[in-house]
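The values are calculated or read from the model by the stated rules, or taken from the named source; none is laboratory data. Values in this document were obtained by computation on a predicted structure and should not be read as measured data. Cβ placement follows ideal geometry from the backbone for every residue including glycine, while neighbour counts extend to all protein chains displayed. For accessibility, only protein heavy atoms count, side chains too; no ligands or nucleic acids. Shrake-Rupley method; radii C 1.70, N 1.55, O 1.52, S 1.80 Å.
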Amino acid sequence: MNSEDTVTYKDVQIPKRLAGIVSHMKSLEDYREELRILAGQWDLLTILGQISGTGTNMTTTREGFKILTSELLSQLGTENLKKVTQEIGSKAQVAVDIVIRNLFERTADIGFLATDNDIRKFILESERLANLTQDECDEQEINKTELRQCLNSMVIERFNEYTQKYSVYFDIILLDTKGNVLAQMDQTSKVTKSDDDLIYEALNTDQEYVEVFRETDLLPDRGDSLIYAYRVTETNSSKSRKLGVLCLCFRFENEMEGIFKNLASTHDWSVISLLDKNGCVMASSNAHQIPVGINMEMVLCEQYGIVRFSGRLYLAKTCATKGYQGFYGLGWYGHVMIPIEHAFDASASTGSIDKQILHAVMEDPKLFSKELRDIPIQADRIQSELERTVWNGNITGNDPKSKILLWNISDAGAKTKKVFEDSIGNLHETVVASVMNNVWFWAALSVDIMDRNLYERANDCRWWALTSDFRSILAQEHVTKEDSGKMSAVLQYINNLYTVYTNLFVYDRYGVIQAVSNEVESHLIGSKLSEPWVRETLALRDTQSYSVSYFEKTALYNARHTYIYGASITNSDSHEVVGGIGIVFDSEPQFEEMLQDSLPRNEKGEVFEGCFGVFTDRNRVVLSSTLPELKTGDVLEVPSGMFAMANGEGKSEIINFENAYYAVGAHASSGYREYKTCDNYNNDVIGFVFVPLAQITEAPQDSVRKRDITIDVRAASKAEDSIEVATFFIGSKWLGIKTEYVLEAVKPDGITFIPGACQFVKGQIIYDNVPTVVLDIRPILQEKQRDVSKDSQIIIIKAGKVKMGLLVDGLGEIPEIPVRRVEEPDHIIEDTRYTDCIVKPDINSSNQEMLVVLHPDGLLDCIKDMI
């Protein structure tokens, strides 16, 4: 790290971006404290080494671990910060985007409802009634008051019918061009006139709607209200006379409560809010902590910010909407803040993670930086060199006190290395667990978006079925070509407003199509439908019921899979079913866009490489997928439990998919508002999000034993003879060679393969400027072959005048052993040419394994025999 980009934190160099944050990372603080204590031990051991005269200088090793400590804590802090900022950034983005998706539908609603013929007729009749003189009323036997009440009741019934379907609205207000209230669904309202500029804007705008969020005299005492307004004209012509203004009042607080509830999780300290274009809080997931109406400091351009609010520090992120189909609303922002002291609390546990999976994750670059993955390698290298130095010091030294010092140095190195391994291992587990939690969130988001979208489809078909022209024309005995054209024109107008459909069609009581919205599909007029959903639709008897086809291929969608939503059309007088309406949902691009919007993204807004989403039914059949290889109609092969969840439940697992490990989140749909919750429609969809963790690699080679056996290093009693043995490990075997035959241990670098050599010869190295054979005696020991690893060492031994290298997996202790514990091998086994002796365990030792001591001469003879 560049010194200009770092600061000193408790004697450790860390990046400046972590200043003021790292102290709140408890796990990192714990590791820093452990390493501080070990650093003190290193200082002491370095001084003792200099005093002892062993020639062991620990200064380089101590400095190596010190530098690595700074690198470790910096990387741990960076990864922890990255994890948290991605989580709050994702929530901020979703909070605003899911609102914008909803409000996009509202812009189409106001445009269509403002052209409703029943509303037009009401205004025209009201005008006519107002213009009647008393004489004219008497002559026509009209009671103005009663007729006005009758007209008002009819239009209020129409408004109620609308909001029963589009339950996102709490009120509908109709005004004349001067702001006088003609009708209002809320019969308790005392408002009779409005002077709000909204009236003028709606009458004169060249846009397709007017959208405001503020206080208004239309809704006194309600505070800020979200209203969609548009003018009502006598006909659909742009030059038609203006009759009045229609206002749809959106249930904003209610909608935000549902969004916040879905985004929050148990024990979640973050506070989610929606801000207006000036940064003022419009809605908050915790109004006690972040009240509505106050201005917040926004964090738009940076990945995160540290902001002070009400005497407390927060990590914060603000996101502008990405928009939906070109709609961006009023310039709102999603904003998430989390108290800095709780930002790095441990994630909820997802249970233990398989070691093989964790190993693959640690070796794969997808989740972690190269700098972090290099730290264990550097720690291994330092520790390996340290162990070799200590081991060699014990080979050449004779002072028991020096031996104890050397092994204490080695122990300090092992403890330091273990802290590195534990901290990075725990980070891997924490991040993977976090991914597991997050992937469940993204899967839940995918089916939430779907349910919200299809809620609108169920509303659309039912409302459009109440179109007056459809009801009157289909009630006739015959539908003329002119009638068909009139209905097709209405359908086309609707389809231009609601672009998620490829076609809308109306059919009569016999299932014969009489009108379509898509001119390309005009050949369908006159054809008879025979699908089961047609019969189901024609059997519906009330205006709240609707039908949905199975998700299957249909000629109405060019032989592709989709849903067709339908509602019966009734005679407005007799309420007899006279036909039905069908709306063909454009499932392919719509579902894919829903899944794309549900995938995790980086700070640049790009979907993480390799992530993909899938919708399926409970029978594993794919409805949609962002993975090109996974087609609609295919079967998704994941654990069966992911298809058996109750509605509204979710889970996450790590699975093997296409030769890679994926964190997979799955969530079962649960509906939105009335849709699929209390409308008798059952169609469960499972949303999946796949996040790649690592490519599947071969299982790590069986770990070798390293210093898991301890022998008392104190010299044997002066009254008894002893031998000194240099111990080591090859695979699972604990072995030794008398120190009189050992020169030193060296790095396993530069081994040159020798063609034609016997199976025991690994190759040759240059030692003391002489080519020296390196032996690998695994076949003798019945151990599996393995490559040279980071733990490998080469022990240089001598057999007479011949020097050889012995490849081992780890160095052990070098104890002095009383002769009374030594047995000659021929007392125990036959063919003892490469076994010098066997050391019996101490009767008081917990370890009762015997130590096999090899003889270099025997190894050399064995190799000569093989040649």
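Observations, loosely collected:
- Which numbered condition Ser545 fails, given (1) among the polar types (S, T, N, Q); (2) in a loop (DSSP other than H, G, I, E, B); (3) at pLDDT below 95: (3)
- Matching residues in segment 309-334 - criterion: being in a strand (DSSP E or B) and charged (D, E, K, R): Arg312, Lys317
Condition check ((1) surrounded by fewer than 17 Cβ atoms within 10 Å (Cβ to Cβ); (2) in contact with a Phe, Trp or Tyr (Cβ under 6 Å, 6 or more places away or on another chain)) across all residues:
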site	(1), (2)
Val584	no, yes
Glu606	yes, no
Gly610	yes, no
Ser624	no, yes
Pro628	yes, no
Met642	no, no
Glu649	yes, no
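- In segment 505-537, of all residues being basic (Lys, Arg) and over 43 Å from the mean Cα position of the chain (by Cα), the one that is least open to solvent (accessible area, probe 1.4 Å) corresponds to Arg509.
- Picking from residues in segment 482-504 that are modelled with pLDDT under 95 and loosely packed, with under 14 Cβ neighbours inside 10 Å, the one that is nearest to the chain's Cα centre (by Cα) is Thr499.
- Qualifying residue in segment 222-229 (condition: among the aromatic types (Phe, Trp, Tyr), open to solvent by less than 40 Å² (accessible area, probe 1.4 Å) and part of a helix (DSSP H, G or I)): no
- Between Asn426, Asn438, the distinction of being under 14 Å from Pro692 (Cα atoms), touching a helix residue (DSSP H, G or I) at 6+ places or on another chain (Cβ under 9 Å), polar (S, T, N, Q) and in contact (Cβ under 8 Å) with a residue 12 or more places away in the chain belongs to Asn438 only.
- Where a residue in segment 358-374 is part of a loop (DSSP other than H, G, I, E, B) and its partner, wherever it lies, is among the acidic types (Asp, Glu), with Cβ under 6 Å and at least six apart: none
- The residues of segment 234-244 that are over 20 Å from Asn160 (Cβ atoms) and crowded, with 19+ Cβ neighbours inside 10 Å amount to a single one, Leu243.
- In segment 284-292 there is no residue matching the filter, namely being closer than 17 Å to Gly111 by Cβ, in contact with a Phe, Trp or Tyr (Cβ under 6 Å, 6 or more places away or on another chain) and either open to solvent by less than 80 Å² (accessible area, probe 1.4 Å) or of a type outside the set (D, E, K, R) (or both).
- Ser90 being surrounded by 21 or more Cβ atoms within 10 Å (Cβ to Cβ), modelled with pLDDT under 95, over 52 Å from the mean Cα position of the chain (by Cα) and not hydrophobic (A, V, I, L, M, F, W, C): no
- Selection status of Asp186, open to solvent by 20 Å² or more (accessible area, probe 1.4 Å), touching a Ser or Thr at 6+ places or on another chain (Cβ under 6 Å) and of a type outside the set (Ser, Thr, Tyr): no
- Among the candidates Ile306, Ile272, residue that is open to solvent by 30 Å² or more (accessible area, probe 1.4 Å), assigned to a strand (DSSP E or B) and out of contact with any Pro (no Cβ under 8 Å at 6 or more places or on another chain): Ile306
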